[in-house]
Amino acid sequence: MNAMKTKAILMTVALAAGLPALMGQNISELRDQAKLLFGPLPDKMPGSEKDTPARIELGRKLYFDKQLSVNNSQACNSCHMLDNNRAGVDNQRTSLGAHGKRGDRNSPTTLNAGFHLAQFWDGRAKDLQEQAKGPVLNPVEMAMPDEATVVQRLTADSSYKDLFASAFPNASERITYDNVAEAIAAFERTLITHDRFDDFMNGDDKALSETELKGLELFMSVGCITCHMSPTMGGNMYQKIGLINPYENTEDKGRFSVTKDENDMYKFKVPSLRNIALTFPYFHDGALMSLRDAVKKMAHMQLGRELEDGEADLLVAFLKTLSDKKLAP
């Protein structure tokens with residue numbers, strides 16, 4: 001093991017133990033540490049090896065099609081907006097459904113979602129295909145009465161016949177609810193973003209400003225990496241919200257509602273920080289609109305630390321480097 005890798009591993013151990021980070025690192029040292037803790041996003045999502053251009057194109061059409069809601073008012077894109085330079089969210093605290101009622105939780109982004117360990121805030125869907133089935137039949141969201149009605153509606157639309165045939169050429173039944181979900185998942189597996197932080201980890205010394213580099217160094221030393229690691233910088237574990245200081249909203253029990261395990265009380269899937277500056281409001285209930293406020297609150301709740309204003313500003317500066325370059329303002 002070379003000296004640089006040994007140093008990075010020792011630094012990671014020190015950070016995990018709550019020891020002070022090395023200050024004044026040069027860019028090369030900072031990059032090596034970042035690559036060890038995070039690493040760039042992969043070019044492909046799990047499961048994409050079976051996706052074809054025809055299946056992806058069908059999924060794209062379905063994602064934007066309001067026929068998947070009972071009254072033709074809602075599409076996947078209604079809550080997870082990708083048009084008009086949006087980041088896979090509607091930027092609402094909670095989203096409106098087909099009948100004008102709001103859901104209980106904030107709608108998470110579909111960008112990079114296929115890299116996560118599971119889907120939904122409580123992880124009740126194991127993958128993108130299973131997740132895609134949920135909102136269509138949810139009585140508050142898209143409110144279709146059953147799978148058969150979805151299939152009947154799509155079958156009656158002549159524009160879908162050839163698209164399903166091309167996407168699922170070997171299937172005995174082509175327009176099925178499973179295939180609808182699989183096509184949407186295939187499209188969502190293409191939603192991989194590219195940001196300046198990846199450029200930095202890939203060797204571009206000029207990708208981040210001095211302020212952003214200081215923010216990265218602080219991010220790795222203050223304790224954020226306890227939950228926000230891996231290329232997605234989150235999305236790969238569950239954590240209790242209010243770990244040290246409690247969160248005000250105690251009505252939503254989080255993953256406990258799925259597992260009925262007392263150890264999962266108030267646990268939620270840790271959000272990915274990729275595109276976090278674009279996917280406000282924050283937390284499972286969409287309680288905060290400001291990223292700076294969310295950063296300070298997280299430090300208080302999860303780390304028991306009161307960030308100084310300057311520290312919060314540095315962290316926000318770094319987090320903004322995680323926005324997709326085509327979407328970043």
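A few remarks follow.
- Meets criteria (outside any helix (DSSP H, G or I) and of a type in the set (D, E)) for D90: yes
- Test: residue in the stretch 52-59 that is closer than 29 Å to P139 by Cβ and touching a Cys at 6+ places or on another chain (Cβ under 7 Å): no
- If the condition is being of a type outside the set (K, R) and either outside any loop (DSSP other than H, G, I, E, B) or at pLDDT below 95 (or both), then the stretch 273-295 contributes I276, A277, L278, Y282, L288, L291, D293, A294, V295.
- The set of residues in the stretch 257-283 that are closer than 18 Å to M301 by Cβ and hydrophobic (A, V, I, L, M, F, W, C) comprises M265, F268, V270, L273, I276, F280, F283.
- Failed item in (1) within 22 Å of T190 (Cβ to Cβ); (2) touching a Ser or Thr at 6+ places or on another chain (Cβ under 9 Å), with E141 passing the rest: (1)
- The residues of the stretch 62-89 that are out of contact with any Asp or Glu (no Cβ under 8 Å at 6 or more places or on another chain) and either at pLDDT below 95 or surrounded by fewer than 17 Cβ atoms within 10 Å (Cβ to Cβ) (or both), listed by number, are K66, N71, N72, S73, D83, N84, N85.
- Check on T94, under 16 Å from F280 (Cα atoms), crowded, with 20+ Cβ neighbours inside 10 Å, of a type in the set (V, I, T) and touching a residue at least 24 places away in the same chain (Cβ under 8 Å): no
- Residue in the stretch 256-272 that is aliphatic (A, V, I, L, M), in a loop (DSSP other than H, G, I, E, B) and under 15 Å from the mean Cα position of the chain (by Cα) present: yes
- Condition check for D252: part of a loop (DSSP other than H, G, I, E, B) and either touching a residue at least 40 places away in the same chain (Cβ under 8 Å) or among the polar types (S, T, N, Q) (or both): yes
- Within the stretch 259-277, the set of residues being buried (at least 17 other Cβ atoms within 10 Å of the Cβ) and either free of Cβ contacts under 8 Å to residues at least 24 places away in the same chain or farther than 20 Å from S230 by Cα (or both) comprises D264, Y266.
- Of all residues making up the stretch 61-72, the number that are in contact with a Lys or Arg (Cβ under 6 Å, 6 or more places away or on another chain) and either touching a residue at least 12 places away in the same chain (Cβ under 8 Å) or outside any loop (DSSP other than H, G, I, E, B) (or both): 1
- Of the residues making up the stretch 19-35, not a single one is touching a His at 6+ places or on another chain (Cβ under 8 Å), part of a loop (DSSP other than H, G, I, E, B) and not basic (K, R).
- Note on the stretch 148-248: enclosed helices (runs of 4 or more DSSP H) holding 3 or more residues that are without any contact (Cβ under 8 Å) to a residue 24 or more places away in the chain and surrounded by fewer than 18 Cβ atoms within 10 Å (Cβ to Cβ) are 161-167.
The values are calculated or read from the model by the stated rules, or taken from the named source; none is laboratory data. Just so it is clear, the model here is predicted, and its values are computed rather than measured. Heads up, the Cβs are rebuilt from the backbone with ideal geometry, glycines too, and the neighbour counts pull from every protein chain shown.
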